[in-house]
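**Q** Okay, handing you the structure first.
Please treat every number below as a calculation from the coordinates, not as lab data. Not measured: the values here are computed from a predicted model. Every residue, glycine as well, gets a Cβ built from its backbone with ideal geometry; the counts of neighbours run over all protein chains shown.
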Amino acid sequence: MQAWGVRLFFIIVSAASCYIIYGEPLLVLIGLIAALLLVGAELCLHVPATRSIIASMIGLYVSLLFSISVLRLFPESDKLKIVIILSVGYVGLMSGYRLSTVVNFSQLLRSDTPTGHGESRAGKTTNNLKILDTSVIIDGRILEICQTKFIEGTLVIPRFVLNELQHIADSTEPLRRNKGRRGFDILRALQNNPAIVVEISEEEVPHLPEVDAKLVHLAQKQEATIITNDLNLNKVAELQSVKVLNINELSNAVRPVVIAGEAIQVLLLKEGKEPNQGVGYLDDGTMVIVEEGKPYIGQTLNVEVTQMLRTSAGQMIFTRIKADEMDTDEQQGMHSYSRSW
């Protein structure tokens, strides 16, 4: 919004200056149109394709100026002049284009980024771009995390991610189609939040067919961070020294920690994999495995924690039924069961 304020101020000052200097309505209109054209040209610089074209034209212009100075050394050779002009012009044209694809001009043009987000404690500028992959958009938790302001910087949505999301939303399978539509709803909510900066990146990576490979390449090029909940993408990105924020890891990290001997309450919902086990879940989704809990499925029990296990897929809590939850006969049955072992 600050950048748009500067642009509007420039347009008004341009029109007012023409009126003060010349005093003719026609010249005021010309000054206003010229200011609008300049603002439009500046906005076009934010589009990767336009930046490439402009950089190519600048490279061509510089190369032609260089070729003119070289041609003075060969004043009588017309054929050599043509060869030099074409060769130098082509080199300048392609050099400008290549430069536009290597240099991250978007960071130089992003004037509306809040001050301080791009500086580290040491005073050096750091990139604060966060690239979202398809899985984390469909997951939806990124919206709530951004609303709590735990993630700073600009959220970048590559065009090829939008294309993949569109392909999922157009699927004939109802589940995939609903996931794709949910992803678009999450993106719309992110864009509508004034506190969240969302940018659609038009940059393509045509030489890489896989979306994950494109994400890693784009993150390397822009020195950005990938936000995902895909474990495979996480591993591939880290192998290539790309910083990754995994939503699942964050979710596991903020889950409450329990210790052995602590009492918790859980509703048993189903049988476990091992004999006589019952399985329930805490409010945050943590799986609770209750030894000898099979007879109590459908009941809410006070259980005692025996062990907590953290895995890449989540957290599991192993428990046993507290003695005061069972009547005397059941306790005697448990003792006889133990003696049989």
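**Q** Determine, for segment 146-258, the count of lysine pairs separated by eight or more sequence positions (or lying on different chains) whose alpha-carbon distance falls under 16 Å.
**A** Close lysine pairs under the 16 Å cut-off: 4.
**Q** Let me ask something else. What ratio of Cα Rg to 2.2 N^0.38 Å holds for segment 198-266?
**A** Scaled against compact globular proteins, the figure is 1.57.
**Q** Considering amide H positions built from the backbone, and no H for Pro or chain starts, which residues 5 or more places from Leu245, or on another chain, come under 5 Å of its amide H?
**A** Sorted by chain and number, the residues that satisfy this are Ile226, Ile227, Thr228.
**Q** Would you please give the FRET efficiency between Asn276 and Gln220, computed as 1/(1 + (r/R0)^6) with r the Cβ-Cβ distance and R0 = 56 Å, to the nearest 0.05?
**A** In this case the efficiency is close to 0.60.
**Q** A follow-up question, please. Pop out the ³J(HN,Hα) list for segment 6-20 in order, Karplus 6.51 cos²θ - 1.76 cosθ + 1.60 with θ = phi - 60°, rounded to Hz; leave Gly and Pro as x.
**A** Residue by residue, segment 6-20 yields 5, 4, 5, 4, 5, 5, 5, 5, 4, 5, 5, 5, 5, 5, 5 Hz.
**Q** Quick one: if you stick a label point 7 Å off each Cα along the C-beta vector at Leu27 and Ser241, how many nm between them?
**A** Using points 7 Å along Cα→Cβ, the separation is 5.9 nm.
**Q** Stretch Asn302-Phe10 to full length: gain in nm at 0.36 nm per residue minus the Cα-Cα span?
**A** Full-extension gain reported as 98.3 nm.
**Q** Counting other beta carbons within 10 Å of each Cβ, put Val197, Val257, Val290, Val305 in order, fewest first.
**A** Val257, Val305, Val197, Val290
**Q** Please go through segment 123-228 and write out the trypsin sites (Lys or Arg not before Pro) that DSSP classes as loop and that have at most 11 other C-beta atoms within 10 Å.
**A** Lys124, Lys149
**Q** Another question, then. What ranking of Leu268, Leu32, Leu165 emerges when the number of other C-beta atoms within 10 Å of each C-beta is taken as an exposure proxy, fewest first?
**A** Lowest count first: Leu32, Leu165, Leu268.
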